[in-house]
């Protein structure tokens with residue numbers, strides 16, 4: 001039989017064999033059997049290496065191969081007995097798809113990276129044999145690679161230069177992977193469709209530039225020699241854009257042909273400041289919003305705004321033309337009732353009220369009858385009322401004007417220098433404080449219109465409209481309006497209708513109508529108040545020389561309708577008189593008080609005959625020097641208003 005050495009330690013053993021036959025005959029023999037020792041085998045210690053990142057796959061693989069070969073070849077140094085030979089080497093990979101079978105580095109070295117695995121390893125089992133004894137031994141050890149070459153990503157977006165333009169860009173950088181890198185650009189809300197791609201970038205770090213992009217959110221996927229699209233590194237970038245440029249234009253019209261008084265105000269925003277602004281392809285200049293172009297003629301103009309990025313916006317606007325009408329110079333009761341006032345005239349230049357009234361009466365032969373001689377209801381104004389006194393301020397006209405009182409027809413005849421004709425307190429007041437003042441506002445307004453028509457020869461032909469706007473002239477004798485002084489006036493439509501049916505709606509015919517009303521003639525059912533309002537509108541509408549202009553869309557001031565207390569005081573500075581103009585439309589007396597700056601009451605009067613359009617003349621009877629400040633306080637049953645007034649040099 002065979003000697004079974006299983007489980008026996010190495011060494012010599014005496015073996016005795018005994019044989020017996022069927023007859024129980026026996027025989028014995030012996031031998032020495034030697035159990036040879038197994039060859040000693042030593043494996044390299046397990047090894048852990050990091051894969052080189054940021055290099056190409058071939059370089060990384062070569063480095064890995066070198067590390068593995070050094071580790072693998074150390075087995076030979078550990079087992080240098082010449083009687084030993086390696087009879088088998090076995091490789092077991094973890095994970096199994098790290099097995100390089102069929103790859104260029106097969107069969108020994110593991111591939112550098114396995115998708116989804118941070119570590120890959122190969123366990124090597126060596127089997128050796130003792131050449132003399134034929135005994136074999138084996139050992140195993142593991143070589144492990146740590147794969148930390150995950151692609152890193154950095155993006156640098158550049159905003160779009162202009163709103164809505166495709167001028168943005170994204171600079172993207174991939175690093176720490178295994179080049180070559182591939183870059184895929186997507187809209188962040190659609191990762192199924194690639195917009196652009198940059199492939200095969202072998203640099204480390206590797207970069208790609210995506211240009212001509214509109215504003216929006218983007219996602220870039222980066223792959224390399226190891227990471228696939230299924231395992232790609234993703235990074236996001238947002239391209240911004242400036243707000244859209246906006247431009248709004250407002251124009252002010254040119255006043256009179258060729259005056260270059262038009263303007264355009266440009267308000268702009270958005271984009272990126274600073275802004276370059278130009279008009280009609282002219283030289284651009286850096287400006288802030290809003291900016292006004294002045295000195296423009298009527299016509300179409302183009303405004304262009306260019307921002308710091310070169311984005312531009314332009315708009316056209318038409319500068320309108322306000323044709324210049326003839327200028328007319330009228331004055332109010334307060335002016336004609338004040339000797340010290342100066343006014344512009346077309347023929348005489350700048351003169352005082354006495355010169356104007358003297359001219360008016362001289363033009364009609366030295367006197368004028370207001371009202372109707374045929375009915376016997378009229379008032380005669382004489383040249384002597386204007387120039388008869390040695391001291392001009394003592395002339396009758398400066399007592400009569402400014403007038404007041406309810407508008408009404410005259411009753412009988414009256415003239416200033418015949419006291420008996422108005423001793424009944426009509427149409428002049430007999431009260432001591434206002435003795436001789438007209439107390440019929442229609443008479444005082446019509447008298448004022450008479451002076452205006454005579455002094456301004458063209459006024460009588462002026463056509464009337466129910467609503468009209470005027471503006472002060474820029475200087476005496478000019479017909480160029482100052483559009484910052486536009487006011488709108490109204491004439492009752494009933495008066496316009498009457499005049500159109502009786503010769504035409506002109507200032508001259510209005511003057512005739514006013515005299516008919518004063519004379520008690522047939523005025524077709526019109527009220528004296530409406531006629532008075534029409535005359536007042538003309539006297540004030542062209543006060544101190546004004547020009548007819550278009551009614552603005554936004555009315556600067558409607559001086560014929562008042563919901564609040566409005567009482568003006570003139571002149572300011574004053575000398576001997578202050579004229580108050582009542583422009584409120586409710587029934588109330590007016591308390592008039594004047595205080596000095598210490599609060600001392602210097603003047604007080606209660607006007608119980610207040611009404612819309614009345615001009616109230618105050619005789620300043622307290623001591624005052626030039627340049628002193630006073631407070632004028634005016635009170636109705638609803639409101640209180642104060643004015644600062646200054647005394648002029650005597």
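The values are calculated or read from the model by the stated rules, or taken from the named source; none is laboratory data. Keep in mind the model is a prediction, meaning the values are calculated, not measured. Methodologically, a virtual Cβ is constructed for each residue, glycine included, from the backbone with ideal geometry; neighbour enumeration extends over all protein chains shown.
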**Request:** Output yes when any residue across the range 275-295 is surrounded by 14 or more Cβ atoms within 10 Å (Cβ to Cβ), part of a loop (DSSP other than H, G, I, E, B) and in contact (Cβ under 8 Å) with a residue 40 or more places away in the chain, and no when none is.
**Result:** no
Picked from the range 142-160 (must be surrounded by fewer than 19 Cβ atoms within 10 Å (Cβ to Cβ) and not in a strand (DSSP E or B)), the residue modelled with the lowest pLDDT is 148
When the range 373-388 is checked residue by residue, the ones that are in contact (Cβ under 8 Å) with a residue 60 or more places away in the chain and in contact with a strand residue (DSSP E or B) (Cβ under 6 Å, 6 or more places away or on another chain) are 377, 378, 379, 381
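Residue-wise test of (1) assigned to a helix (DSSP H, G or I); (2) farther than 17 Å from residue 330 by Cα.
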site: 405; (1), (2): no, yes
site: 408; (1), (2): no, yes
site: 420; (1), (2): yes, yes
site: 426; (1), (2): no, yes
site: 430; (1), (2): no, yes
site: 448; (1), (2): yes, no
site: 453; (1), (2): yes, no
Restricted to the range 225-242 and to residues being assigned to a loop (DSSP other than H, G, I, E, B) and within 49 Å of the chain's Cα centre (by Cα), the residue modelled with the lowest pLDDT is 232
Exception for residue 37 within (1) at pLDDT 85 or above; (2) in contact with a strand residue (DSSP E or B) (Cβ under 9 Å, 6 or more places away or on another chain); (3) within 26 Å of residue 141 (Cα to Cα) falls at (1)
When every residue in the range 161-210 that is without any contact (Cβ under 8 Å) to a residue 40 or more places away in the chain and in a loop (DSSP other than H, G, I, E, B) is compared, the one nearest to residue 244 (Cα to Cα) is 189
Per the filter on the range 404-449, residues under 21 Å from residue 359 (Cα atoms) and buried (at least 21 other Cβ atoms within 10 Å of the Cβ) are 416, 443, 444, 445, 446, 447, 448, 449
Of the candidates 395, 391, 441, 425, the one satisfying the condition of being in the same structural domain as residue 531 (by TED's automatic domain parsing), within 28 Å of residue 620 (Cβ to Cβ), touching a residue at least 60 places away in the same chain (Cβ under 8 Å) and out of contact with any strand residue (DSSP E or B) (no Cβ under 8 Å at 6 or more places or on another chain) is 441
Those helices (runs of 4 or more DSSP H) completely within the range 468-567 that have 1 or more residues that are modelled with pLDDT of 95 or more, outside the structural domain of residue 332 (by TED's automatic domain parsing) and crowded, with 16+ Cβ neighbours inside 10 Å are none
The strands (runs of 3 or more DSSP E) lying wholly within the range 297-354 that contain at least 1 residues that are surrounded by fewer than 22 Cβ atoms within 10 Å (Cβ to Cβ) and in contact with a helix residue (DSSP H, G or I) (Cβ under 6 Å, 6 or more places away or on another chain) are 342-345
Of the residues in the range 12-33, those that are surrounded by 11 or more Cβ atoms within 10 Å (Cβ to Cβ) and under 27 Å from residue 129 (Cβ atoms) come to 13, 15, 33
